[in-house]
Amino acid sequence: MGIFTRNDSDTAGGTDVLDRELEQLLEDSQIEDGDHERFSHYVPKEKIMESAVTGKPVRALCGKKWTPSRDPEKFPVCPDCKKVYEQMRK
């Protein structure tokens with residue numbers, strides 16, 4: 001990460017770059033341990049595809065954040081994800 005300075009006449013500003021880099025670092029560091037190993041979670045299909053291509057973690061409907069790497073068919077559905085999904089359908 002570099003240090004950027006901003007002139008008063010500079011409308012783009014380097015601080016935007018720093019903000020994006022900081023946001024990405026915080027997002028990447030918040031991958032959670034926990035029950036994602038015991039359950040299959042609901043995640044939008046496009047996010048699963050993006051994760052498969054980029055390796056970026058996904059966030060399930062229940063809020064769990066992790067990088068998918070196993071067959072979800074082998075595990076029961078997360079009860080919290082199921083509740084959120086059912087409420088979304090109402």
query = Name the pairs whose Cβ atoms lie under 7 Å apart, with the first residue in the range 65-89 and closer than 15 Å to Pro44 by Cα, the second among the small types (Gly, Ala, Ser) and open to solvent by less than 100 Å² (accessible area, probe 1.4 Å), and 6 or more positions between them or separate chains?
reply = Thr67/Ser51; Thr67/Gly55; Pro68/Ser51; Pro72/Ser40; Val77/Ser40; Cys78/Ser40; Cys78/Ala60; Cys81/Ala60
request  = Give Pro57, Pro72, Pro44, Pro79 a once-over and let me know the one that is open to solvent by less than 80 Å² (accessible area, probe 1.4 Å), modelled with pLDDT of 90 or more, more than 17 Å from the chain's Cα centre (by Cα) and not β-branched (Val, Ile, Thr).
outcome  = Pro79
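The values are calculated or read from the model by the stated rules, or taken from the named source; none is laboratory data. Since we're looking at a predicted model, the values are computed, not measured. Cβ: placed from backbone, ideal geometry, glycine included. Neighbour counts: every protein chain shown. Protein only, heavy atoms only, side chains kept; ligands, DNA and RNA dropped before computing areas. Shrake-Rupley method; radii C 1.70, N 1.55, O 1.52, S 1.80 Å.
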